[in-house]
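The values are calculated or read from the model by the stated rules, or taken from the named source; none is laboratory data. On a predicted model such as this, the values are computed, not experimentally measured, just so you know. Cβ placement follows ideal geometry from the backbone for every residue including glycine, while neighbour counts extend to all protein chains displayed.
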Amino acid sequence: MTALYDTDGAPVIIGGGLAGLMTALALAPQPVLLLTGAPLGLESSSVLAQGGIAASIGADDDVSLHLADTLAAGDGLCDEAIAASILAAAPAAIEQLARLGVVFDRDANDKIVLGLEAAHSRRRIVHAGGDATGRDVIRALVRKVRETPSITVIEATTAQRLVVEDNAVAGLLGHADRGPVLFATDRIVIATGGIGGLFVHGTNPARSWGQGLALAARAGATMTDLEFIQFHPTALDSKSSPLKLISEAVRGEGAILVDGNGDRFMADTSGAELAPRDIVARAVWRHMAAGHRVFLDARDMKGIDFTRRFPAITALCRDAGIDPLTQPIPVRPAAHYHMGGILVDRTGRTSIDGLWASGEAACTGLHGANRLASNSLLEAAVCGGWVAQDIAGAASTRRRQTMLPAGVTDSDPGLVRPILSRAAGVLRDGEGLRAAARALYPLATSQQAASDPAIVGLMIVIAALRRQESRGAHARIDFPKHTSLAKRSTLRLDDALQTARDDIPELVV
């Protein structure tokens, strides 16, 4: 039997990462429910973030320079107006986070220390706790959320289906320890993070397999740019799941990529190790495919106390039996960030009335075809506030109760991971993508635990098949060049299913 939870008009935020926490805090003192499957502050991609938050606050920096770097990395697909607005809000976002209790790294003169990361033309990366920025930011915000009486935190509860009537939100079907529960609300925010959990090698928590995208897709929402998945080039090559991240900031401070022979194989590439992530990831992938192991060599970083600058990375390396001060660190590309997601406008509104999305689950147009390092935490912090402003101005309208969607079992992406990893990894081709669609379609249309993850995987594959070019993080071996027109992609679930049925003759339906 499904229990009823009447929110009394309060909006429901799904997700306890930076985007969800900032939205909830910005809505105060208006009542809000914050749903999270794990204990608040754990198992989000935000808490794992090492690099920091990009903000043009240096004396030699400004928004126009930050925007130029963002557009260059985005490879023709950024929404320039949206990007400019988000980047212009960065200094205020840093100040707001500080007011909420985040302690940023500062020098002896109490100035915020700024780091450098790939494809940035200035030192503009703001850190907290050295290489543990995500951890420190989330800890501070969780503490603030716990202190805010208008925020009701509901843990150990997963969101399973949106209840939608006439293209408007009417509720959320979830599952708690005691069984299914219907949250009666007409305002919902999806802030569930990314899709790294859909891949064999990823840096996101295993729970981050795109559940927010599945929720929105089943409800009929429009998705955009799903084919663009950023693979971080330097995840620690180990048996850990998810893989531990070796932050780009390590390369920013002078570490180099070498193979087992000690050869610096990216030395002749423009930008070398500090080229955009898609270029570095492809170089590492190809070198591994040629039979080499790849290492990040941080043993000769001039003027850097590695242990002090990167305490978390030092610890995780030593846990894996590696001393980064005396040994090169084995690395490999891993699924890290999804530039695509649920299509939203500047306020976070989706194509469904009463449904907003924020953070990695949303696609604002900031990142284009390839995210500039450390723009993601910035986007979550800024857009969480914008979503809250819009929700606060949207009056709750009580709707009559509709027929509940059928309950579902817990989702399991295990069957999807090897399929998507083979076909939609660093390098792709049409044959592999069609094979993936053939394998994913029956899972997506089934009642199995793999159904929701397969829906997200299938939509990614169809979007990748349709983009017959290489751009940013989307690299097609069979279409290695840009087309003349840079155009964002859009896709709905029914369209993806129809495409799979119509355009793949071998598919048995």
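Computed quantities for the displayed model
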| read-out | value |
| --- | --- |
| Selected residue (criterion: surrounded by the fewest Cβ atoms within 10 Å (Cβ to Cβ)) from residues of the range 306-315 that are among the aliphatic types (A, V, I, L, M) and touching a residue at least 60 places away in the same chain (Cβ under 8 Å) | A312 |
| Extreme residue, surrounded by the most Cβ atoms within 10 Å (Cβ to Cβ), among residues of the range 53-75 that are out of contact with any Leu (no Cβ under 9 Å at 6 or more places or on another chain) and in a loop (DSSP other than H, G, I, E, B) | D75 |
| R318 being in a helix (DSSP H, G or I) and touching a residue at least 40 places away in the same chain (Cβ under 8 Å) | no |
| Checklist (1) without any contact (Cβ under 8 Å) to a residue 60 or more places away in the chain; (2) assigned to a loop (DSSP other than H, G, I, E, B) applied to R346, failing item | (1) |
| One residue from V344, V331, V280 being crowded, with 23+ Cβ neighbours inside 10 Å, at pLDDT below 95, in contact with a strand residue (DSSP E or B) (Cβ under 8 Å, 6 or more places away or on another chain) and of a type outside the set (D, E, K, R) | V280 |
| Of the criteria (1) in contact (Cβ under 8 Å) with a residue 60 or more places away in the chain; (2) of a type in the set (G, A, S); (3) not in a loop (DSSP other than H, G, I, E, B), which one A98 fails | (1) |
| Qualifying residue in the range 241-249 (condition: free of Cβ contacts under 8 Å to residues at least 60 places away in the same chain, of a type in the set (S, T, N, Q) and assigned by TED's automatic domain parsing to the domain that holds A275) | yes |
| Evaluation of A26 against (1) in contact with a Gly (Cβ under 7 Å, 6 or more places away or on another chain); (2) in a loop (DSSP other than H, G, I, E, B); (3) surrounded by fewer than 23 Cβ atoms within 10 Å (Cβ to Cβ) (one fails), failing number | (2) |
| Check on A267, outside the structural domain of D69 (by TED's automatic domain parsing) and either surrounded by 24 or more Cβ atoms within 10 Å (Cβ to Cβ) or touching a Phe, Trp or Tyr at 6+ places or on another chain (Cβ under 8 Å) (or both) | no |
| Condition met for K239 (in a loop (DSSP other than H, G, I, E, B), more than 21 Å from the chain's Cα centre (by Cα) and surrounded by fewer than 24 Cβ atoms within 10 Å (Cβ to Cβ)) | yes |
| Any strands (runs of 3 or more DSSP E) falling wholly within the range 167-213 and containing at least 2 residues that are in contact with a Pro (Cβ under 8 Å, 6 or more places away or on another chain), surrounded by 24 or more Cβ atoms within 10 Å (Cβ to Cβ) and hydroxyl-bearing (S, T, Y) | none |
| Among residues of the range 358-377, those that are farther than 23 Å from P242 by Cβ and buried (at least 24 other Cβ atoms within 10 Å of the Cβ), counted | 4 |
| Pair list, Cβ < 6 Å and 6+ apart or interchain, from the range 199-215 residues that are at positive phi to residues that are of a type in the set (A, V, I, L, M) and crowded, with 24+ Cβ neighbours inside 10 Å | G210/I195; G210/V456 |
| Checking S351 against (1) out of contact with any Ser or Thr (no Cβ under 9 Å at 6 or more places or on another chain); (2) part of a loop (DSSP other than H, G, I, E, B); (3) touching a residue at least 12 places away in the same chain (Cβ under 8 Å), the condition it does not meet | (1) |
| Leading residue by the ranking (surrounded by the fewest Cβ atoms within 10 Å (Cβ to Cβ)) among those in the range 214-236 that are within 15 Å of the chain's Cα centre (by Cα) and not in a loop (DSSP other than H, G, I, E, B) | T224 |
| Residue list for the range 107-140, filter: surrounded by fewer than 18 Cβ atoms within 10 Å (Cβ to Cβ) and closer than 15 Å to L378 by Cα | none |
| All positions within the range 129-155 that are in a loop (DSSP other than H, G, I, E, B), within 24 Å of the chain's Cα centre (by Cα) and either modelled with pLDDT of 95 or more or of a type in the set (D, E, K, R) (or both) | D131, E155 |
| So I304, is it in a helix (DSSP H, G or I) and of a type outside the set (G, A, S) | no |
| Yes/no for V126 being touching a strand residue (DSSP E or B) at 6+ places or on another chain (Cβ under 8 Å) and without any contact (Cβ under 8 Å) to a residue 24 or more places away in the chain | no |
| Residues of the range 86-106 satisfying the condition of being out of contact with any helix residue (DSSP H, G or I) (no Cβ under 8 Å at 6 or more places or on another chain) and either more than 28 Å from R135 (Cβ to Cβ) or surrounded by fewer than 16 Cβ atoms within 10 Å (Cβ to Cβ) (or both) | P91, A92, E95, A98, R99, R106 |
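Residues checked against (1) touching a Gly at 6+ places or on another chain (Cβ under 6 Å); (2) closer than 26 Å to L21 by Cβ:
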| residue | (1), (2) |
| --- | --- |
| L182 | yes, yes |
| T192 | yes, yes |
| P233 | no, no |
| K244 | no, yes |
| E273 | no, no |
| V280 | no, no |
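Here's the yes/no breakdown for (1) among the aliphatic types (A, V, I, L, M); (2) touching a strand residue (DSSP E or B) at 6+ places or on another chain (Cβ under 7 Å):
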{"position": "A3", "(1), (2)": "yes, yes"}
{"position": "A19", "(1), (2)": "yes, no"}
{"position": "L25", "(1), (2)": "yes, no"}
{"position": "L40", "(1), (2)": "yes, yes"}
{"position": "G52", "(1), (2)": "no, yes"}
{"position": "S64", "(1), (2)": "no, no"}
{"position": "I94", "(1), (2)": "yes, yes"}
{"position": "A98", "(1), (2)": "yes, no"}
{"position": "D110", "(1), (2)": "no, no"}
